[in-house]
Amino acid sequence: MSKKVDSTRSSETQSPTVESGNQNATTSSDTSTSDRCDEPIDSSLELRPPLPPRPSLLERGNTAAGGSLRLSKRAARPQLQSQATTALSLADVHTANRLETSSPKSSPASRAVSRKPSLTPSAHQPSIAVSEVDDGASVRSVVPTIGTRLDGESTLGDLIEGAATPAFKALSAQIERANPFDAVLAEDDNLSTQMQHEFQNVESMNKDGQNEEALLNIWKAKLKHFFILSASGKPIYSRHGDDQLISNYIGVVQTLISFYQGAKDPLKGFTAGDARFVMLPKGPLNLVAVSRMGESDAQLRTQLESLYMQILSTLTLPSLERMFSNRPSTDLRRPLEGTDVLLDGLADGFTRGSPSTLLSALECLRLRKSHRKVVDETLLKVRSQNLLYGLIVAAGRLVSVVRPKKHSLHPGDLHLIFNMLFEAGSVKAGGGENWIPLCLPGFNNTGFLYMYVSFFSTSEGALSPEAERPSSAGKDDELAIVLISANKDSFFELRQMRADLVAQLEKNGSMAVIKTAIRKGHASCSDITPGTVLKHFLYKSRGNVQFTMPSFEPHFHGLIAKRKLMSLYHNLHDSIHSRTAHLKVQHTVAYDATALAWETPLFELYCVASSNASRAALVAGANKVVSWIRREEERVFIIGGAVF
Amino acid sequence: MTDSTASAPKPSSSVKLVLLGEAAVGKSSLVLRFVNNDFQPNKEPTIGAAFLTQKCQLPSRTIKFEIWDTAGQERFASLAPMYYRNAQSALVVYDMTKPSSLVKAKHWVAELQRQASPGIVIALVGNKLDLCDDDDPEDEAQDGENAEGHEEEAVRKVSTAEAKAYAEEESLLFYETSAKTGHNVSEVFTAIANAIPETSLKGPRTGAGGGTQAAISGGQDTSRVNLNARGADGAAKEGCAC
Ligand SMILES: Nc1nc2c(ncn2[C@@H]2O[C@H](COP(=O)(O)OP(=O)(O)O)[C@@H](O)[C@H]2O)c(=O)[nH]1
Ligand SMILES: [Mg+2]
């Protein structure tokens with residue numbers, strides 16, 4: 001998943017049918033280094049952090065040449081039909097294709113039960129017998145490359161109904177076909193309604209406990225829960241509800257977990273009612289996700305991994321382990337004090353649905369290649385001695401990176417940083433500069449680094465630190481300069497670097513360019529792929545571990561429309577990731593959208609159009625995206641960055 | 001609040017100030033009030049430390065405060081020396097509705113007296129005066145916002161007399177403030193600015209003076225403050241481990 005942002009390849013510009021064969025651009029290998037974490041194990045840092053696994057590529061064994069679509073032979077084998085009852089959602093359709101028994105990713109425990117329960121079990125959803133689709137499976141894949149026949153597999157569009165998670169379905173209920181994502185909420189639409197309250201606090205219980213039941217109902221109505229407990233069952237974190245309210249439930253969860261652990265058969269997940277429970281044991285901690293939004297186990301597990309990374313980022317792994325080996329009953333709440341906002345930020349991001357998390361990739365600000373080069377050169381010029389990484393981040397998107405040749409940045413680490421900067425309000429609301437000790441577990445989970453952060457609003461002219469008080473500035477005009485060092489005494493050094501950087505960027509015009517780019521925001525889908533049916537897409541460059549997308553507007557306005565879209569993307573993503581079958585293209589048709597997922601060794605592309613779009617039109621749109629990327633690659637992605 | 005204009009060419013000097021105290025007593029809120037004249041009822045906890053600057057006009061000179069607002073969490077405690085090492089002044093804050101925060105404040109005072117620059121000017125600040133009905137005329141006007149969190153604590157738990165006696169004993173400046181209403185906030189900073197010994201304000205490259213203990217009330221001794229030290233010397237080796 002988390003390959004580093006480190007690649008000088010530009011192979012994406014090639015035709016998807018051409019295999020670049022150069023997937024391992026990150027394995028530069030000089031290990032001599034003077035960069036150190038501050039604490040506590042310097043020597044370990046002499047080693048380059050290990051390359052993160054790239055399961056998707058490994059599993060698939062790179063068999064398929066980019067873009068050329070071959071159906072896996074295995075897909076033709078008889079399928080397990082384990083989920084007849086809830087075979088409604090896209091994921092279930094695919095489960096029918098999956099080789100459950102040979103899939104390393106599927107946990108028997110979790111697959112045995114229905115994974116995608118309907119939100120409203122009683123509701124009669126169009127129970128297209130998905131089992132019939134079995135044969136259709138063989139035609140589900142098409143090659144959306146130019147010159148490929150697009151029509152042949154006739155009935156595909158008719159066969160696959162309900163390309164949606166329960167979340168997607170519920171959110172879409174009673175929405176007219178014409179413009180489903182724009183529609184207002186249906187009154188009886190449980191999920192849409194709940195989504196509006198999802199992020200509201202559950203209050204504390206009264207002293208007399210009178211309001212307990214009411215609170216519990218509010219609590220139970222949440223679409224998603226995250227819990228972190230210690231191995232001994234002590235609650236450490238819960239997204240919703242205070243200790244008192246949830247203690248019974250934590251107790252039940254703990255009992256379940258320890259029962260199965262005792263039986264040497266750790267519980268990985270189960271379904272209760274309409275909720276999917278997924279457990280992730282991590283050393284002295286157990287992390288639990290409860291979702292009624294239809295995400296896959298693998299996706300929920302990725303989310304839990306991210307919460308765990310946040311805990312490591314606060315404490316470091318050795319310190320976490322030390323605390324529990326010294327005292328198994330340690331109460332981690334104290335050492336984690338004040339980091340709830342960070343965990344909440346991550347959790348809510350997952351609930352809202354974030355392309356970045358889904359794809360484990362970053363988004364960059366689109367800049368001309370020559371402009372980005374000037375920014376990079378400026379960064380290198382003003383780089384100060386103790387700098388490890390430098391980032392310019394605009395409204396959650398990366399503008400430029402400066403880094404040592406031997407260290408790349410991990411998307412997981414960057415996600416933590418972005419979450420801290422843009423989700424948790426305290427850093428930017430402080431209105432000053434910040435000096436933050438943190439561990440970047442992808443870089444090195446044993447020690448701390450120190451992060452200088454300075455925000456400024458790009459809508460104001462003034463840029464001196466004294467003048468930057470963007471406490472109420474909108475998200476979209478925030479520019480952050482992030483400078484990371486292993487030396488905890490380098491605040492003033494980095495502060496000076498920041499001043500130099502800003503001065504230089506002003507002087508050479510880059511600041512104006514960046515501000516313009518920020519103000520422009522995302523291009524709309526119709527600007528990128530004019531004349532096609534596409535309403536939105538996600539394109540992930542696997543080599544660069546970056547993604548790009550058009551604006552959500554005008555088709556996906558507001559939280560719920562976006563969440564619906566993200567649910568659809570989650571489904572598509574799951575359909576090409578959660579299996580060993582080498583399915584490379586996935587076309588789905590639901591009553592309110594058609595969608596296409598296309599995967600090659602170079603990229604993943606997910607496209608969405610309205611339900612009446614033909615497959616051919618969708619494919620034409622996908623090809624348009626690919627050729628747009630071919631032209632724009634060095635604008636929408638940071639390729640290499642400023643390396644010293 | 002913060003006199004910003006006065007463009008007369010008064011001498012100006014920088015003063016390093018550090019805020020210490022338990023988490024959630026209102027350190028960041030005091031700074032926000034001082035620097036931005038703003039208040040946020042549900043301020044998120046500080047992560048790491050924030051660095052801010054603000055000018056303060058005295059009749060005879062301009063003081064530019066360079067402020068370190070630290071996070072009060074335990075895991076950051078070992079980093080504190082980094083922030084107070086070269087500080088000429090410190091604001092040690094407690095929450096008047098929370099007695100344990102005064103205990104914590106006393107620990108900070110002791111640590112500063114032991115470890116910080118000998119001439120450091122320390123102000124003890126009891127914050128959240130607005131929650132103590134006894135002397136806040138605006139009280140009625142501010143229901144709403146913070147209600148739930150403070151319902152029970154909305155009573156003074158640390159008496160003025162107790163805190164004041166302690167402050168006098170230790171030669172600390174003492175103020176009771178409300179970041180919420182702004183009561184006494186600029187006064188604290190002005191008092192600190194006034195209490196900084198003239199001799200340590202001689203422009204950017206102040207030489208080292210004597211290492212005398214500066215009693216606020218009494219002598220305006222020179223204090224040994226190297227304005228430019230910027231952490232180059234004697235880096236404390238503590239990390240931020242727990
Ligand atoms: N009523 C009241 N609340 C305050 C006051 N100062 C801070 N708070 C609140 O107390 C909480 C903690 O404040 P904060 O400034 O973050 O404390 P810090 O951790 O010491 O920086 C926040 O919710 C503030 O809104 C005050 O003077 N009166
Ligand atoms: Mg604070």
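For the range B:12-202, averaging the sequence separation of C-alpha pairs within contact (under 8 Å, six or more residues apart) and dividing by the residue count gives a relative contact order of 26 percent.
For the peptide A:432-442, the mean number of other protein chain Cβ atoms found within 10 angstrom of a residue's Cβ is 6.
Per-atom-type breakdown for the range B:12-202 gives carbon and sulfur 48% of the accessible area (1.4 Å probe, protein chains only).
For A:THR548, neighbours were defined as the other residues whose beta-carbon sits under 10 Å from its Cβ, and their charges (Lys and Arg +1, Asp and Glu -1) total +1.
Per residue of A:333-340, other chain Cβ atoms within 10 Å of the residue Cβ number 5 on average. Net charge of the neighbourhood of A:GLY345, taken over other residues with C-beta under 11 Å away and scored Lys/Arg +1, Asp/Glu -1, is -3. The solvent-accessible area of B:TYR83, taken with every protein chain present and a 1.4 Å probe, is close to 20 Å². Computing FRET efficiency as 1/(1 + (r/R0)^6) for A:SER329 and A:LYS369, where r is the C-beta to C-beta distance and R0 is 60 Å, gives about 0.60. Relative to the current alpha-carbon distance between A:LEU380 and A:GLU203, full extension at 0.36 nm per residue lengthens the span by 58.7 nm. Heavy atoms of the protein chains alone define the surface here; on that basis the range B:12-202 has 36 Å² accessible area per residue at 1.4 Å probe size. For the peptides A:381-393, A:514-526, residues were scored by their other Cβ atoms within 10 Å and the scores averaged per peptide; the highest-first order is A:381-393, A:514-526. For the peptide B:38-48, the mean number of other protein chain Cβ atoms found within 10 angstrom of a residue's Cβ is 6.
Using θ = phi - 60° in the Karplus curve 6.51 cos²θ - 1.76 cosθ + 1.60, the 3J(HN,Hα) couplings for the range A:240-245 round to 10, x, 8, 3, 4, 5 Hz; x is entered for Gly and Pro. Placing dummy labels 7 Å off each Cα toward the beta-carbon, the span from A:SER627 to B:LEU58 is 7.2 nm. Positive contributions from Lys and Arg (+1) and negative ones from Asp and Glu (-1), summed over other residues with Cβ under 13 Å from the Cβ of A:MET497, come out at +1. Put simply, when A:208-218, B:189-199 are sorted by average Cβ atoms within 10 angstrom per residue, most first, you get B:189-199, A:208-218. Coupling constants for the range B:84-93 follow from the phi torsions by the Karplus curve (6.51 cos²θ - 1.76 cosθ + 1.60, θ = phi - 60°), and in residue order they are 9, 3, 10, 6, 8, 8, 9, 10, 9, 10 Hz; glycine and proline get x. Beyond 29 Å in Cα-Cα separation lie the following of the pairs A:LYS222/A:LYS584; A:LYS406/B:LYS27; A:LYS520/B:LYS27; A:LYS234/B:LYS106; A:LYS222/B:LYS104; A:LYS428/B:LYS55: A:LYS222/A:LYS584; A:LYS406/B:LYS27; A:LYS520/B:LYS27; A:LYS234/B:LYS106; A:LYS222/B:LYS104. Per residue, the average separation of C-alpha pairs within less than 8 Å and at least 6 apart gives the range A:492-586 a relative contact order of 15 percent. Take the accessible area of chain A alone and of chain B alone, subtract that of the pair, and you get about 3100 Å² summed over both chains, using a 1.4 Å probe.
The values are calculated or read from the model by the stated rules, or taken from the named source; none is laboratory data. Small disclaimer: the values here were computed from a predicted structure and weren't measured. Positions of Cβ are backbone-derived with ideal geometry, glycine not excepted, and every protein chain shown enters the neighbour counts. We work out accessible area using only protein heavy atoms, side chains counted, and drop any ligands, DNA or RNA first. Shrake-Rupley method; radii C 1.70, N 1.55, O 1.52, S 1.80 Å.
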